[in-house]
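The block underneath contains the structure these notes are about, expressed in structure tokens.
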């Protein structure tokens with residue numbers, strides 16, 4: 001389905017470009033964005049290697065188990081379908097921690113790793129599980145206790161003035177996301193019976 005959406009957007013762009021006489025601008029934008037995509041992908045390789053390496057060290061040293069054990073009461077309620085000793089719990093906890101601390105670059109590889117591990121225990125590989133949807137909702141709406149470095153750099157001296165509002169806004173968004181996903185997963189319309197997994 002996503003392929004059709006992307007194709008439709010590109011086709012619409014080309015058609016509009018032809019009718020408005022801006023087809024050269026469309027071509028130039030496509031080439032420029034291809035360069036940006038390559039630069040972005042190459043830039044993420046180093047970040048992902050660094051944080052996945054740190055995660056591996058934390059996993060081998062037992063740090064992830066300690067953190068997961070401390071957050072066990074929360075993770076059991078949020079992710080009842082995931083075994084408490086599964087590596088996905090550690091990845092989820094680290095992703096949430098990185099988001100809370102405003103480390104967006106660190107959160108990305110940890111989030112991808114968490115989804116990969118959740119997919120391993122997914123009986124229906126073509127459908128997201130309740131745990132995957134819950135994690136995505138939390139990851140997207142994440143509480144931020146520390147402002148991201150990019151925000152601090154942009155706001156400068158005034159960044160301290162938005163600290164409380166940032167915590168309040170992201171806290172409310174996380175509560176709303178968790179409430180919505182927990183409400184919707186119980187609705188008959190959103191239950192998937194394939195493989196016996198909701």
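Each value in this text was obtained by applying a stated rule to the coordinates, not by laboratory testing. This is a predicted model, so every value here is computed, not measured. Don't worry about glycine lacking a Cβ; one is built from the backbone with ideal geometry, like all the others, and counts go over all protein chains shown.
Given the peptides 12-22, 130-140, arrange them by the average over their residues of other C-beta atoms within 10 Å, most packed first. Write down the numbers at each step before the final one.
Details: 12-22: 12.1, 130-140: 20.2.
Most protected by this proxy first, the peptides run 130-140, 12-22.
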*Order the peptides 75-83, 107-115 from the highest to the lowest mean number of other Cβ atoms within 10 Å of their residues.*
107-115, 75-83
*Taking the Cβ-Cβ separation of residue 77 and residue 6 as r and a Förster radius of 30 Å, what is the calculated FRET efficiency to the nearest 0.05?*
0.20
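Within 10 Å of each residue's Cβ, count the other Cβ atoms and sort 187, 65 from fewest upward.
187, 65
Arrange the following residues from fewest to most other Cβ atoms within 10 Å of their Cβ: 141, 91, 173. Don't jump to the answer; show the numbers that get you there.
Values: 141 20, 91 26, 173 16.
So the ranking, lowest neighbour count to highest, is 173, 141, 91.
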